[in-house]
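One structure below.
The values are calculated or read from the model by the stated rules, or taken from the named source; none is laboratory data. Note that this is a predicted model, so its numbers are computed, not measured. Every residue, glycine as well, gets a Cβ built from its backbone with ideal geometry; the counts of neighbours run over all protein chains shown. The protein model used for the area step is the full one, side chains on, heavy atoms only, and it has no ligands, DNA or RNA in it. Shrake-Rupley method; radii C 1.70, N 1.55, O 1.52, S 1.80 Å.
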Amino acid sequence: MLSWLVNSQLYLAAGAALLTAGSLIRLGGDPQSATVAFVFAATLTFYNVARSVPLLRASRTVSTRWNNTVLILMLATTAWLATRLSLPQWQILLMMSLLAVGYLIPFLPGTQSLRSFGLLKVPIVATVWAGTCVGLPASETGADILQTISLAAERFVFIAAITLPFEIRDRRTDRDAGLTTLPHTIGHRRTSHLALGFITLSLLLAVISPLPRSATGSITLILAHALAATLVALPRLKPTHRCDYGLDGTLILLAAGECLP
């Protein structure tokens, strides 16, 4: 069952939705907002559409193949939910969409996609996730700019930390595709050390954050970071268990804790 949830991208989409709901709660918004439903649908749709065409040949992730009818329904649902967003949210969504799509395909004929610049993957992934899961809630609640930056920094560093082990996992297939990523540049071990450093920084940013967090959120914050550090530090785990189940699971743990009292 867990394998199907991971391969169908429902696991990842749930993490994005919970992260958005947690951001809304900490910024004083309503976690039952249409913004949360939109982020869930958009994440589910984006990752499935991207993996239904040969754009991510370097990825080892095998996605459950939804048929074309289901993909069209996903696109239609996402488009309908997008109509519920405000104009400021649309502006943020446009910027994040351009960055995400530009990572997959070239903007102009004869040019390369951002994906061809392997070192940009982690910053782009972290920026899109932080921009979407914090930027959209902040626009909805009218949050103070300093609060928004503080929460976005938390999200950016944590997402970067748990993305680095995926780079290590995919280093051979990335090389076969002609991509030079961080593990190729600084090595497997240093990339792991960098991930552990980011996890530490993420925890520090969360601790000094001026935004409120429930007692449950504080406990799950520590648990999620401890689990992420353990998964990065253990070298013998299977890549699927470490990355798709474990590290994506830390995202859900962290986010779910912020949604509970």
Please go through (1) more than 21 Å from LEU194 (Cβ to Cβ); (2) open to solvent by 60 Å² or more (accessible area, probe 1.4 Å); (3) outside any helix (DSSP H, G or I) for ARG236 and return the number of the only condition it doesn't satisfy. (1)
Is there a residue in region 81-88 that is among the hydrophobic types (A, V, I, L, M, F, W, C) and farther than 20 Å from VAL36 by Cα? no
Looking at region 15-34 only, could you name the residues that are among the small types (Gly, Ala, Ser) and closer than 13 Å to LEU136 by Cβ? ALA16, ALA17, ALA21, GLY22, SER23, GLY29, SER33, ALA34
If you check LEU85, LEU75, LEU108, which single one turns out to be over 30 Å from ARG175 (Cα atoms) and at pLDDT below 95? LEU75
Take the residues of region 4-34 that are without any contact (Cβ under 8 Å) to a residue 12 or more places away in the chain and of a type outside the set (A, V, I, L, M): which is least open to solvent (accessible area, probe 1.4 Å)? ASP30
Consider LEU227 against the criteria (1) more than 19 Å from ALA126 (Cα to Cα); (2) of a type outside the set (Ser, Thr, Tyr); (3) at pLDDT below 95: it satisfies all of them except one. Which criterion is unmet? (3)
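Looking at ALA215, is it of a type in the set (A, V, I, L, M, F, W, C) and open to solvent by less than 60 Å² (accessible area, probe 1.4 Å)?
no
Over 25 Å from ASN7 (Cα atoms), touching a residue at least 12 places away in the same chain (Cβ under 8 Å), aliphatic (A, V, I, L, M) and open to solvent by 40 Å² or more (accessible area, probe 1.4 Å), is that true of ILE199? Walk me through how you get there before you give the answer.
On the way: over 25 Å from ASN7 (Cα atoms): yes; touching a residue at least 12 places away in the same chain (Cβ under 8 Å): yes; aliphatic (A, V, I, L, M): yes; open to solvent by 40 Å² or more (accessible area, probe 1.4 Å): no.
For ILE199, the condition - over 25 Å from ASN7 (Cα atoms), touching a residue at least 12 places away in the same chain (Cβ under 8 Å), aliphatic (A, V, I, L, M) and open to solvent by 40 Å² or more (accessible area, probe 1.4 Å) - is not met.
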Looking at region 141-168, I want the residues that are charged (D, E, K, R) and have a partner that is in a loop (DSSP other than H, G, I, E, B) and open to solvent by less than 10 Å² (accessible area, probe 1.4 Å) with Cβ atoms under 7 Å, at least 6 apart or on another chain. Which pairs are those? GLU167/THR181
Members of region 181-196 that are touching a residue at least 60 places away in the same chain (Cβ under 8 Å) and either under 21 Å from the mean Cα position of the chain (by Cα) or within 16 Å of THR250 (Cβ to Cβ) (or both): THR181, LEU182
Only one residue in ARG60, ARG115 is open to solvent by 60 Å² or more (accessible area, probe 1.4 Å), among the basic types (Lys, Arg), under 19 Å from the mean Cα position of the chain (by Cα) and at pLDDT below 90. Which one? ARG60
Return the total of residues in region 35-55 being open to solvent by 40 Å² or more (accessible area, probe 1.4 Å), among the polar types (S, T, N, Q) and within 13 Å of the chain's Cα centre (by Cα). 0
